[in-house]
Amino acid sequence: MELKANAPDGPLEKKWEKHKFDMKLVNPANKRKYKVIVVGSGLAGGAAAASMAELGYQVECFCYQDSPRRAHSIAAQGGINGAKNYHNDGDSVLRLFYDTIKGGDFRAREANVYRLAEVSNNIIDQCVAQGVPFAREYGGLLDNRSFGGALVSRTFYARGQTGQQLLLGAYQALERQIGLGTIKMHTRSEMLEVIIIDGVAKGIVVRDMVTGQVQSYMGDAVVLATGGYGNVMYLATYAKGCNASAIWRAYKKGAAFANPCYTQIHPTCIPVTGDHQSKLTLMSESLRNDGRIWVPKKKEDCKKPVDQIPEEDRDYYLERKYPTYGNLAPRDVSSRAAKQVCDEGRGVGETGLGVYLDFEAATKRLGAHKIEEKYGNLFEMYDRITGEDPYKVPMRIYPATHYTMGGLWVDYNLMSTVPGLFVLGEANFSDHGANRLGASALMQGLADGYFVAPYTVGNYLAGLKPGSCPTADHPEAKAAEAEVSGRVSRLLGINGKETPTYFHRELGKILWEYCGMARNDAGLKKALQLLPELRQRFWEDVKVPGSGADLNQSLELAGRVADFLELGELMCRDALERRESCGGHFREEWQSPEGEAVRDDENFCHVAAWEYTGDNSAPNRHTEELKFENVHLATRSYK
Amino acid sequence: MSEKHINLTLYVWRQKNAQDEGGFVTYEAKHVSTEMSFLEMLDVVNEGLIRKGEEPIAMDHDCREGICGQCGVVINGRPHGPRERTTTCQLHMRSFEDGDTITIEPFRATAFPVIKDLIVDRGAFDRIIAAGGFISAPTGSAPDGNAIPVKKTCADLAMDAAACIGCGACVAACPNASAMLFVSAKISQLALLPQGQPERYSRVKDMVAQMDDEEFGTCTNHGECEAACPKAVSLENIARMNRDFIWSSLTYRPESGGSGGA
C-alpha cells in the first residue's frame, strides 16, 4: 500500500491556489450526469452535499438520525476559529496555521493545515451570509472570544450553541437543495457496507432502520462524513448513536486507518455519577476564559465545603504550572494535569475524580449579569444534570473522551487509499495531528465540506465518463448486500445472555484503563489480550431480541458494538507501536521529569496508517513521513 | 447532590408499528438512582427487558445533552416532562418521588405518525424548512463577514428564535397540534437579520403553505407551546410571523420571469 499525500509543490501559501487551478473541471452540462453519495449530514457531510448539489451534481445523502439537523456537530458549544484578525491582535492565516500545527504536536501534514487556516475566513463569511446569528458587538460587528492553545482572540461564537447554529446553516442549505430536487435525502438509514468495483468505490449498502430493508445505492463517488469513533470508549461526549461502522467497513474494504490511537480527552466534562451513566456531557472550553481551575492543596480538604477552604489552601495548578497560558492550556495538557492531581488524591466530589472550575473571581470582576450573558445556558445545563447551582458553588469537572484525531487516511484531496472514496471532517485524520485545538473541529468540518471536497471530488469525477456508474444489480453490490444481511442474521441468531450495552460498557472500561489518558507497554499488551476475549464472548453471548425486518434498536447497537470491539484493538495496537508521547497520546515511558510529553521526532515523525489483512491476521502498519518545511519542530511549551 | 433511590411504576405506550393500534403496558422500575437521567432510567428498564428476551421500549434520542432535538416523549401529560425548559434527556430522576406513577407516551399529532412505541415521524418539519426556511446563499458567494453590520439587539433576538431544536414539543403540547411556534421561530430568525430581507415575504408564504399541507392545526393563542418549549422560544415569534404573513398576502405579486440575455 502506497501512501501518496499528493500535496502540491510550491510555496505553502500558494499550494491550494495552484492546486485549484490545476484540477480538472466538469462541464456544467455534464455535472447532473454524475451521482455523489454522501454519508453523514453534519457540518462536513451537510455542507458537502449542499455545495455539490449547488454545483449541479446529483447527490444522495444518508443519515442515521430522523433528520439531518440532528447530526452531532450540533452539540459543539464554544465556537469556530477564523483568522480574520478583526481584533487587530496580531492574528493571521500563518498564525492560525502555526497554532494548529503546534497544537497538534507536529504530527499533521503542513499543506493540509495551511489550507484549513486559509479557508477559515471564507467559512465565517459563508455562515454569516446564511443567517447564522453570531455574537455581535454594539457597533454591529462580529465578536470574538479566546480559546485554548492560542494567544489571540479568533473564535467566533453564537452563545454556547455555535455548533447548533453552524449546523442549522448547513442543514438549511441542504434542505434548500432537497426542496429543489437536487438532493435525495435518506434519514433513519445506516450505511453498513461500501461497494468496491475493480478497486474503486462505487456505492454503499444501507439498512433502512424503519423497515429493515437492505439496499444498495450506487454513485460515481462516495463521500464519508460520518464523524469520529470516540464512542468506542462507551462513556464519551458523543451522541449515543455516533459510531464507527461506516469507516470501519471502509477500512475492512481497503481504506487505510491512520493514527487510531490519537484520541482527545477533553478536560472540562461533568464527572461520572454511577454505573447507570450512559454518556458524559461537555462543559465548553470557553468557560476556561473566566473560570479558574483548582483543587485543594491538602488531601484532607477534599470533602470540605468550598467556602471552608481558604484561598491559600487552594492549588490553581494550571496557573501554577503554565503561567503563560494558565487556564487556557491546550486540552491534552489540561486533562493530564487534572488526572495527575486526582491521582495524588486531591480530586473533589463523591468519587474523587473531579476538579473545581470556579467563577467566583470572574463574577466579582465582571458581575453576575455578565457571566450569565456569556455562559448562562451552560450554567443551566450544569444545574440540570448535577442539581447544583454553579453561580453558588464551583462546577466540578473531569476529563472525558471528546474527539478522535485519528481516522481514515486521506491525501491532500481528502481521498482515502480506495479511489473514489473521500473522507471528510472528524472521520478523516488529516488536520489536527495528535491533538486538536478548541474551535477547530467546526472549522475543519466546514472547510472540508464547503471549500475542499466540492473541488477535489469534482476533479475526480472529471476523470470518469459521465453516466458510467454501475447499477445496483452489479454482482459486487449483491455480494455486499449479502454480507450485510448475513451479519444481521448472525447477530439475531446468537441469542445469548448479555445485552449489547453490557459488552459496550466492558469494552469502554478496558480502553479507558489501558488506552485512555496515559498508556504504557504493559497495559496496552494487557488490553490486546483482553479485547479478543471480549470480542469472542460477544459473538457467543450477546442477546439481540426482535427481528431484522423492523425498527430494532438493539440490533443497531449490537452491530456498532461489534465494530467498536475490532476498532478498540487497532487503537491499542497503534498506541503500542507509537513509542513516544505526542498530543493526546501519552506514553508513560516517554515523559520529562516534570511529567510533560516527550516526542521522538527521529523515529516517529510520521503518520501510521493501518491496512486490514483479514480478521485473523495482524494488520500492516504503513507510514507517511511528515516533512516540516515551514515550521521548526519545537518542543511544545505552554509555560 | 446526595443520591437517593426510588421505586416507580411506569405506564408506557407500546405500539409495534404504524399500523398497530398500540396500548399501555405497565413496568416496575426499582431502585432508580435520583442521579440518573430520565432516559438512563429507561435504559435500565430496557436492559432488563432484553435479558428477558423481550423487545426494549423503542425511543428516539441521540445527543443526550438537550440540543439535537431527537428525544421527546410526553411524561404525565407534559411534553418533555415536569421541568420547565428541559428536554427529556436533560430531565433527571430527582424530579420524581418514591412511589410515583409515570405515564410515558409519544408526541401525538396527525402530522407526527407513530413509527414504533415512543418514536414518531417528524419529517414534516424538514419539509417545511425545505419549502423556504433558509437564506439562498450558495457556497462561495458570500461577502466579508463584517460587510453587513447587524444591530446587536437584532442579532440577540434572532439567536433567541434560532435556539429552537426542532423537537416538536410545541406541536405535542398544542390542543390544535399547531406547528406555528416552530415555523415562526425560523421565520423570525431570518426576518430579523439583514441577510434575510430579500426572501423575507416569499419565505413566510412558502413555509406557511407547506405547514398547512402537512395538516398541522392553526394557532388559537393557548400558549401551551411556549410553556412546553425546552428552549423558551417565545410566542412573540408567532406574532412576528403573522404580521409578515399578512403583509406578504397583501403585497403578493407573481414573479415576472425576466427576459434572457444575449
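What follows is calculated from the coordinates using simple rules that are stated; it is not laboratory data. This structure is a prediction, so every number in the text was calculated from the model and none was measured. Every residue, glycine as well, gets a Cβ built from its backbone with ideal geometry; the counts of neighbours run over all protein chains shown.
Note on residue B:52: aspartates and glutamates with a C-alpha under 16 Å away, same-chain residues under 8 apart excluded, are A:498, A:541, B:28, B:43. Total lysine pairs in the stretch A:1-152 at Cα distances under 28 Å, for residues eight or more apart or on different chains: 29. Phi-derived couplings, Karplus 6.51 cos²θ - 1.76 cosθ + 1.60 at θ = phi - 60°, listed residue by residue for the stretch B:13-19: 6, 10, 8, 4, 7, 4, 7 Hz, with x used for Gly and Pro. Taking the stretch A:67-83 and a reference point 7 angstrom along Cα→Cβ of residue B:144, the backbone N atoms nearer than 15 Å belong to A:83. The stretch A:612-626 and the stretch A:392-445 have Cα centres separated by 21 Å.
Which of A:455, A:251 comes first, and how do the rest follow, when ranked by fewest Cβ neighbours within 10 Å?
In increasing order of surrounding Cβ atoms, one gets A:455, A:251.
Computed about the Cα centre, the dipole magnitude for the stretch A:267-399 is approximately 320 debye when only Lys and Arg (+1) and Asp and Glu (-1) carry charge, each at its Cβ.
Charges at C-beta only: +1 for Lys and Arg, -1 for Asp and Glu. How large is the resulting dipole of the stretch A:1-135 about its Cα centre, in Debye rounded to 20?
For the stretch A:1-135, the charge dipole is close to 480 debye.
Inter-part distance, the stretch B:21-39 to the stretch A:467-496, computed on C-alpha centroids, equals 37 Å. Fully extending the segment from residue A:4 to residue A:198 would add 67.8 nm, taking 0.36 nm per residue of separation and subtracting the current Cα-Cα distance. Here r is the Cβ-Cβ distance between residue A:365 and residue A:137 and R0 is 22 Å; the resulting FRET efficiency, rounded to 0.05, is 0.65. Given R0 = 25 Å, the distance between the Cβ atoms of residue A:637 and residue A:307 translates into a calculated FRET efficiency of 0.10. Note on the stretch B:123-251: with charges restricted to the Cβ of Lys and Arg (+1) and Asp and Glu (-1), its dipole about the Cα centre is near 360 debye.
Sum up the charges of everything whose Cβ sits under 10 Å from the Cβ of residue B:110, counting Lys and Arg as +1 and Asp and Glu as -1, but leave residue B:110 out. Don't jump to the answer; show the numbers that get you there.
Working: positive: B:108; negative: B:214, B:215.
That works out to -1.
Express in whole angstrom the spacing between the alpha-carbon centres of the stretch A:52-67 and the stretch A:162-188. Here the answer is 8 Å between Cα centres.
Close amide H pairs (under 5 Å, H built 1.01 Å from N) link residue A:236 with A:280, residues at least 5 positions away or on another chain.
Taking a ≥ b ≥ c as the square roots of the eigenvalues of the alpha carbon gyration tensor, the stretch B:70-226 is prolate, as a/c is not under 1.5 and a/b beats b/c. Each of A:294, A:226, A:330 was placed along the dipole of the stretch A:195-341 (beta-carbon charges, centred on the mean Cα), and the one lying farthest toward the positive end is A:226. Partners of residue A:299 within straight-line reach, counting aspartates and glutamates whose Cα lies under 17 Å from its Cα and excluding those fewer than 8 residues away in the same chain: A:307, A:311, A:312, A:313, A:315, A:343, A:344, A:350. Scanning residues 5 or more positions from residue B:120 or on other chains, those with amide H under 5 Å from its amide H are B:115, with H placed 1.01 Å from N in the peptide plane. Whole-Hz Karplus values for the stretch B:59-72 come out as 8, 8, 6, 8, 5, 6, 9, x, 10, 7, x, 7, 7, x Hz, taken residue by residue from phi with 6.51 cos²θ - 1.76 cosθ + 1.60 and θ = phi - 60°; glycine and proline positions read x. Our helix-only sum for chain A, with -39,500 (n - 2.57) per DSSP H run of n ≥ 4 divided by its residues, gives a mean residue ellipticity at 222 nm of -11500 deg cm²/dmol.
Only lysine pairs 8 or more places apart, or on different chains, with alpha-carbon atoms under 24 angstrom apart are counted in the stretch B:108-251, and they number 6.
Taken residue by residue and averaged, Cβ atoms of other chains lying within 10 Å of the Cβ of B:9-19 number 1. Across chain A, C-alpha contacts under 8 Å between residues 6 or more apart give a mean separation that, scaled by the residue count, equals a relative contact order of 21 percent.
Would you mind counting up the charge near residue A:32? Only other residues with Cβ under 15 Å from its Cβ, with Lys and Arg at +1 and Asp and Glu at -1. So the environment of residue A:32 carries a net charge of +2. Exposure proxy ranking for A:521, A:66, A:307, based on other Cβ atoms within 10 angstrom of each Cβ and starting from the fewest, stands as A:307, A:521, A:66. Shape class for the protein assembly as shown: rounded, because the ratio a/c of the largest to smallest gyration tensor axis (alpha-carbon atoms, square roots of eigenvalues) is under 1.5. Between the residues A:281, A:557, A:135, the greatest Cα displacement towards the positive end of the dipole of chain A, with unit charges on the Cβ of Lys, Arg, Asp and Glu, is found for A:135. Taking amide H atoms as placed 1.01 Å from N in the peptide plane, the amide H of residue A:269 lies under 5 Å from those of A:283, A:398, A:400, each 5 or more residues away in sequence or on another chain. In order along the stretch A:51-56, phi translates into HN-Hα couplings of 5, 6, 5, 4, 6, x Hz, rounded to whole numbers, per the Karplus curve 6.51 cos²θ - 1.76 cosθ + 1.60 with θ = phi - 60° and x for Gly and Pro.
Residues of the stretch A:338-375 with an amide N closer than 18 Å to a point placed 7 Å from the Cα of residue B:152 along the Cα-to-Cβ direction: A:366-375. Rounded to the nearest 5, what % of DSSP beta bridges with both residues in chain A are antiparallel? The answer is about 70 percent antiparallel. Answer rounded, prolate or oblate for the stretch B:1-122, using the Cα gyration tensor with square roots of eigenvalues a ≥ b ≥ c: rounded when a/c is under 1.5, else prolate when a/b is larger than b/c, else oblate. Taking the square roots of the gyration eigenvalues as a ≥ b ≥ c, the stretch B:1-122 is oblate. Projecting the Cα atoms of A:457, A:408, A:445 onto the charge dipole of the protein assembly as shown (Cβ charges, centred on the Cα centre) puts A:457 farthest toward the positive pole. Potential lengthening of the chain between residue A:184 and residue A:603 amounts to 146.1 nm, from the contour at 0.36 nm per residue minus the alpha-carbon distance.
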